[in-house]
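The values are calculated or read from the model by the stated rules, or taken from the named source; none is laboratory data. These figures come from a predicted structure and were not determined experimentally. Cβ placement follows ideal geometry from the backbone for every residue including glycine, while neighbour counts extend to all protein chains displayed.
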Protein chains: 2
Amino acid sequence: MAKSKLRVLPLGGLGEIGKNMTVVEYDGSIVVVDTGLRFPTAEQVGIDLVLPDFTYLRERADDIEGIVITHGHEDHLGALPWILRELGTDIPVYGGPLTMAMARSKLDEHRLKDTDLTDVRPGETLELGAFDIELIHLTHSIPDMMAVALTCDVGTMLITGDYKFDQTPVDGKPADVSRLAELGREGLLLLCGDSTNADRPGFSPSESVAGPNLEAVFGRCEGRIVVTCFASNIHRVQQVVDAAKVHGRRVVLVGRSMRKNINIGRMLGHIDVEDGTFVQPREARDFPDHKLVIVSTGSQGEPLSALRRMAHRDHPQVELHKGDTVVFAATSIPGNERAVNDTIDRLYHIGCDVITARDAPIHASGHGYQEEIKLMLNLTRPKYVMPFHGDYKRIHLHGQLAESVGVPAENVFKGENGLPLELDGDGAAFGSRERAGMIYVDGVDIGDPTDVALRDRRMLSADGIFVVVATISEQDGSSVADPEIIFRGVPYPEDAEGLLGDIRGAITQSLEKAAREEIREVDLLQQVLHDDLAKFVYDRLRRRPMVLPVVVEV
Amino acid sequence: MAKSKLRVLPLGGLGEIGKNMTVVEYDGSIVVVDTGLRFPTAEQVGIDLVLPDFTYLRERADDIEGIVITHGHEDHLGALPWILRELGTDIPVYGGPLTMAMARSKLDEHRLKDTDLTDVRPGETLELGAFDIELIHLTHSIPDMMAVALTCDVGTMLITGDYKFDQTPVDGKPADVSRLAELGREGLLLLCGDSTNADRPGFSPSESVAGPNLEAVFGRCEGRIVVTCFASNIHRVQQVVDAAKVHGRRVVLVGRSMRKNINIGRMLGHIDVEDGTFVQPREARDFPDHKLVIVSTGSQGEPLSALRRMAHRDHPQVELHKGDTVVFAATSIPGNERAVNDTIDRLYHIGCDVITARDAPIHASGHGYQEEIKLMLNLTRPKYVMPFHGDYKRIHLHGQLAESVGVPAENVFKGENGLPLELDGDGAAFGSRERAGMIYVDGVDIGDPTDVALRDRRMLSADGIFVVVATISEQDGSSVADPEIIFRGVPYPEDAEGLLGDIRGAITQSLEKAAREEIREVDLLQQVLHDDLAKFVYDRLRRRPMVLPVVVEV
């Protein structure tokens, strides 16, 4: 590592949507920006969460001057407990007050004490090793979102985090474009910007658009109203509360994360609610349907969320019925479409009416569209551009946008996780690849790659398993009991008894063959049994269940 | 079954998208309209295909006068081989010439011979038992789509199949609105219409819109072009061929089903291609990139499709590279979004440009939008309406459309699979529920419900499996060998050896306890071991792998 190079190493968020995490390094000092997670795909069977592989940091833990979190969303904050547990709870963590409150609540759940969290306000400057750090207020779908400017001897770089240029944000605090422009005038070396909506032309609608539309939708509803949105979208909940007030409805918060986030938001003054507005779920029965709005988690069709349980008639407190209207004030994150559609269809089956962002503009994305990405580029006028937060498509499109506002193609670096960009006075280039990838959270075992377990599970889930137990004599290797055969997850064949008899025959043949060849070692015997049986089962069933032979010597 | 009632029993296609199948019954005669299938969801692990449960027909096979297929798509035709195999290959099957050619090709693949397929042309009338049947030409995304009018003593009903009112179809044959209007004037009893796009306002764009847009897109491409669309969308392929011709490009067909369908389409005159247009995949290397268009399967990101393999750099004949443009002339079917996005992102990673229907109007849906559904209702003026082909949401919306054109709410029947609508001179009402649901195709075993296997696989896929083998003496039940413990798909614990030792201890304790309680029956012993170990493993790992104890007596 040359002392004179600034290194920017993305460990997550490039070539994917989610688990954003970046290592910035200069002169032996490391600053980590964001520690996000991802939710597993359907192929990652039985996995609870996906974290960035932070092996690179394990060997460099002592050099970490601090972790800076741009905002409180899971894909920027969620991996923090695992990272602090592995690398040391004494690493200082910085971020806006709401972000730090959400981090604290998360660390508490993981029983991590004695952590070092510091609230930073926009405009404040931190000195972290070789870096001067400044947080710059931007707008997003959660309050307290801040871009991170990191300055070292080589120059200043800006990691935007997630942003949009909302000119009329609900809290009246637009992005600090003036400071962004100043960075541009001072000469920004590198911009690492959000690519999430690099495929959408124009400007994103303001969050304030949702409020009046929610109010109009509420006005058309006669029965109970259920609104579902992200629990962290505090401004959206504010707008729901305001619309409820206009129509004389009380508000019920349902879902643990919804109540938790709204509590934090109220405590920090991000949400303004009159006393008496909120009603406890069990008191809600005392109010007529047309006097209630239920705000619920589950906008993504998550299996255990409140709304999903309501749709499956399985929620302990809320029973939906004909006349209720369910309002989806969120869009599906790619990959969740099927779960969301399934939830919506069950709501229709119950007899509810359903209103989504397709029916009325009750949702505004938190990520800037193409014109906003260009505005960011034009404000900050970076020498180099490295698009962040996007799959390869969006990174590619962000690169095109940069070129369209005049950044030379050779100054646009379309990166990948694990590929460090190295910058010095002479220029910028990708360095040699570092370890990056995924680690899984799977039950209590934390942070260990469990690829083998995962591959096994995928095999088990495709075709099931045959377990075969052969008991042989320690003296001469002869069978001393009938082989036991158990199968699970294998489609029950029509003539199961016949098949089992045939498999017993195949085992006996296989053991006799092994005896003739004087194979006595248990491991080798098991291998022979495995190969013979796998072939036999495939020939008969045309499937490849896992075949697990157990040879017991007595 | 009252002799005087017309019964309409949907076995598939209601409350879901896919596996459309309807039983129509009068006076002891049964006509089946469509025999569709569905593709499994991610939760249906290891399942190959989903068919409608046609148990109801097993007992009534002798009463089936015929099966009528509206068109050749999998969700209307795909289950035919299984149904004929189970109910008798002598059941006559009727449909348009293309539909029957596709059915024949499918039955051949299943080695079903001596089947009885009859081509029916629009306007022809069939007499099937108590029914007069007429097929009426409509437009869709495959040629030869025909609605089915069934007339018995009670009156005439119409099953639309999938349709749109394309005023400028590629083959110049618009829907036979005149015959539909005539049915309306004669007095239609019941309309069972397509609900697929009941959530889209307005009119669907004509298929002919795609052609000029494809031509324009091709004009902007400098390198090779890969177009992906449904293999059955013969008119779309025609338009690709025409656009290729304009730009002096040859056409390569890639993917087995693409070649098969285009062959059938050419033989029946549905596609018009000059000799020398098509080039074999292995000859394609002799042409420069700008002289080629590859037409490929894989528009839905299907795992083994040609395009998916190209995107994973795993196709034997086509290697994509920077400069190639991949054109998605199809949209994602709900549920396939993730697979499609993954394919697109890999294409970007290779350096290809990707154009989807979001970027240019190169796709037109084959299903009519709201105004077309209303037009169908106004043309046929049915007394009763039973929306078909849709999840509960779309069926609900289709019902609203019917009411909006004046059908009284009490004459709209929002049905479910297995719920027969019964009609006679006095009126219409749902009868008592019949068996309906899904059956799975899973390896060679066909048509058997394998819910147990599926549940087992889901469990295996979530947490893996522990197999424990205890060998005991037949005489006194004492242990005669160390217990064997094997786990698969369980996240490898950090201290695996220690855990295994502890489990052995737990087994020994469990066996000793059983001995004290004089439990000697192997089944009971296995139950005790299972319960004790499942608890032990959960306490230690906080996961619930399947625990499979095997007790061997020697």
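Structure summary
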{"read-out": "Test result for A:Asp448, closer than 30 Å to A:Arg7 by Cβ, outside any strand (DSSP E or B), within 8 Å of chain B (Cβ to nearest Cβ) and modelled with pLDDT under 80", "value": "yes"}
{"read-out": "Flag for B:Leu126 being surrounded by fewer than 24 Cβ atoms within 10 Å (Cβ to Cβ) and more than 19 Å from the chain's Cα centre (by Cα)", "value": "yes"}
{"read-out": "Residue match in segment A:266-282 (condition: part of a helix (DSSP H, G or I), in contact with a strand residue (DSSP E or B) (Cβ under 8 Å, 6 or more places away or on another chain), on the phi < 0 side of the Ramachandran plot and at pLDDT 95 or above)", "value": "no"}
{"read-out": "All positions within segment B:163-190 that are under 23 Å from B:Leu6 (Cα atoms) and assigned to a loop (DSSP other than H, G, I, E, B)", "value": "B:Gly187, B:Leu188, B:Leu189"}
{"read-out": "Top-ranked residue in segment A:336-353 [being more than 7 Å from chain B (Cβ to nearest Cβ) and among the β-branched types (Val, Ile, Thr); ranked as nearest to B:Gly399 (Cα to Cα)]", "value": "A:Ile350"}
{"read-out": "Scan of segment B:44-77 for residues that are over 14 Å from B:Val32 (Cα atoms) and of a type in the set (Gly, Ala, Ser), ordered by number", "value": "B:Gly46, B:Gly72"}
{"read-out": "Pairs with Cβ under 7 Å, 6+ apart, first in segment A:394-413 and within 13 Å of chain B (Cβ to nearest Cβ), second assigned to a helix (DSSP H, G or I)", "value": "A:His396/B:Tyr348; A:His398/A:Ile373"}
{"read-out": "Unique residue being among the charged types (D, E, K, R), more than 24 Å from A:Ala103 (Cβ to Cβ) and assigned to a loop (DSSP other than H, G, I, E, B) when the list is A:Arg308, A:Arg313", "value": "A:Arg313"}
{"read-out": "Breaking point among (1) of a type in the set (Lys, Arg); (2) closer than 18 Å to A:Ala462 by Cα; (3) more than 42 Å from the chain's Cα centre (by Cα), for A:Arg504", "value": "(2)"}
{"read-out": "Helices (runs of 4 or more DSSP H) contained in segment B:320-420 and holding at least 3 residues small (Gly, Ala, Ser) and more than 22 Å from the chain's Cα centre (by Cα)", "value": "B:392-404"}
{"read-out": "Unmet criterion (only one of (1) among the β-branched types (Val, Ile, Thr); (2) more than 14 Å from chain B (Cβ to nearest Cβ); (3) within 19 Å of A:Gly248 (Cα to Cα)) for A:Val318", "value": "(3)"}
{"read-out": "Any chance B:Ile355 is in contact with a Ser or Thr (Cβ under 9 Å, 6 or more places away or on another chain) and within 30 Å of B:Ala428 (Cβ to Cβ)", "value": "no"}
{"read-out": "Yes/no for A:Val326 being buried (at least 22 other Cβ atoms within 10 Å of the Cβ) and within 14 Å of chain B (Cβ to nearest Cβ)", "value": "yes"}
{"read-out": "Residue among A:Val528, A:Val467, A:Val554, A:Val522 that is more than 10 Å from chain B (Cβ to nearest Cβ) and either β-branched (Val, Ile, Thr) or touching a residue at least 60 places away in the same chain (Cβ under 8 Å) (or both)", "value": "A:Val528"}
{"read-out": "Any hit, segment A:101-111, residues being closer than 25 Å to A:Gly390 by Cα and either among the basic types (Lys, Arg) or surrounded by 19 or more Cβ atoms within 10 Å (Cβ to Cβ) (or both)", "value": "yes"}
{"read-out": "Any hit, segment B:78-86, residues being within 30 Å of A:Asn336 (Cβ to Cβ), surrounded by 22 or more Cβ atoms within 10 Å (Cβ to Cβ) and assigned by TED's automatic domain parsing to the domain that holds B:Lys164", "value": "yes"}
{"read-out": "Any hit, segment A:289-310, residues being within 14 Å of chain B (Cβ to nearest Cβ), under 20 Å from B:Lys393 (Cα atoms) and among the aliphatic types (A, V, I, L, M)", "value": "no"}
{"read-out": "Of the criteria (1) over 17 Å from A:Ser479 (Cβ atoms); (2) charged (D, E, K, R); (3) within 10 Å of another protein chain (Cβ to nearest Cβ), which one A:Asp539 fails", "value": "(3)"}
{"read-out": "Residue among B:Met267, B:Met258 that is of a type outside the set (D, E, K, R) and over 29 Å from B:Ser332 (Cβ atoms)", "value": "B:Met267"}
{"read-out": "Residue in segment A:285-294 that is under 30 Å from the mean Cα position of the chain (by Cα), modelled with pLDDT of 90 or more and not hydrophobic (A, V, I, L, M, F, W, C) present", "value": "no"}
{"read-out": "Residue among A:Pro92, A:Pro40, A:Pro52, A:Pro97 that is surrounded by fewer than 22 Cβ atoms within 10 Å (Cβ to Cβ), in contact with a Gly (Cβ under 6 Å, 6 or more places away or on another chain) and either of a type outside the set (Val, Ile, Thr) or assigned by TED's automatic domain parsing to the domain that holds A:Gly12 (or both)", "value": "A:Pro92"}
{"read-out": "From the options A:Val177, A:Val154, A:Val170, residue that is in contact (Cβ under 8 Å) with a residue 24 or more places away in the chain, under 30 Å from A:Lys291 (Cα atoms) and of a type outside the set (Gly, Ala, Ser)", "value": "A:Val170"}
{"read-out": "Residue selected from segment B:201-260 under the condition assigned to a loop (DSSP other than H, G, I, E, B) and small (Gly, Ala, Ser), by the criterion surrounded by the fewest Cβ atoms within 10 Å (Cβ to Cβ)", "value": "B:Gly248"}
{"read-out": "Any chance B:Leu511 is within 14 Å of chain A (Cβ to nearest Cβ) and either modelled with pLDDT of 85 or more or touching a Pro at 6+ places or on another chain (Cβ under 6 Å) (or both)", "value": "no"}
{"read-out": "Residue in segment B:71-100 that is farthest from B:Phe388 (Cα to Cα), counting only those that are touching a strand residue (DSSP E or B) at 6+ places or on another chain (Cβ under 6 Å) and among the β-branched types (Val, Ile, Thr)", "value": "B:Ile91"}
